[in-house]
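Below: one structure, written as C-alpha cells.
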Amino acid sequence: MGDRPAHTAVLKVTHPDCGTLHLRMTLISLDDSRSAFLLGLTEQQGREQVDRVLEDASLL
C-alpha cells in the first residue's frame, strides 16, 4: 500500500461441512485517525488469485 504502514494476517479455517478456507486480512494506516482494511477469502485453489488482487489494490 505504498509507503503506508500495513500489517497482514492469514488464517486457515477448516470445517467438516465446507472444507478448508483461507482468510487474508490487511490493515492499513491511512493517517493518524483512520485505517482501512482489505479482506480475501478463498479455498486453496484460489489463493494466488486473491493474493494478486490484494497486491494490486490501491487506496483512494
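Computed from the coordinates by the stated procedures, all read-outs in this text should not be read as laboratory data. Computed from a predicted model, the values in this text were never measured in an experiment. Neighbour counts run over all protein chains shown; Cβ positions are idealised from the backbone, glycine included.
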- Expected 222 nm ellipticity per residue - DSSP helices of 4 or more, -39500 (n - 2.57), all of the chain, to 500: -5000 deg cm²/dmol
- Task: Please work out the FRET efficiency for the pair residue 20 and residue 55, using the Cβ-Cβ distance as r and a Förster radius of 22 Å; give the result to the nearest 0.05.
- Result: 0.50
- Query: Where Lys and Arg each count +1 and Asp and Glu each count -1, what net charge lies around residue 26 among other residues with Cβ under 12 Å from its Cβ?
  - Reply: 0
- Remind me, relative contact order of the chain in percent, using alpha carbon pairs under 8 angstrom and six or more residues apart? 28
- Task: Count charges around residue 9 for me, please; just the other residues with Cβ under 15 Å from its Cβ, Lys/Arg as +1, Asp/Glu as -1.
- Result: +2
- Task: Would you mind computing, in nm to one decimal, how far apart the modelled labels at residue 36 and residue 11 are, each placed 7 Å from Cα along Cα→Cβ?
- Result: 2.3
- Query: How large is the charge dipole for the chain, taken about the Cα centre, if only the Cβ atoms of Lys, Arg (+1) and Asp, Glu (-1) carry charge, to the nearest 20 debye?
  - Reply: 100
- Write down, largest first, the equivalent ellipsoid semi-axes of the chain in whole Å, where each equals the square root of 5 times an eigenvalue of the alpha-carbon gyration tensor. 26, 13, 7
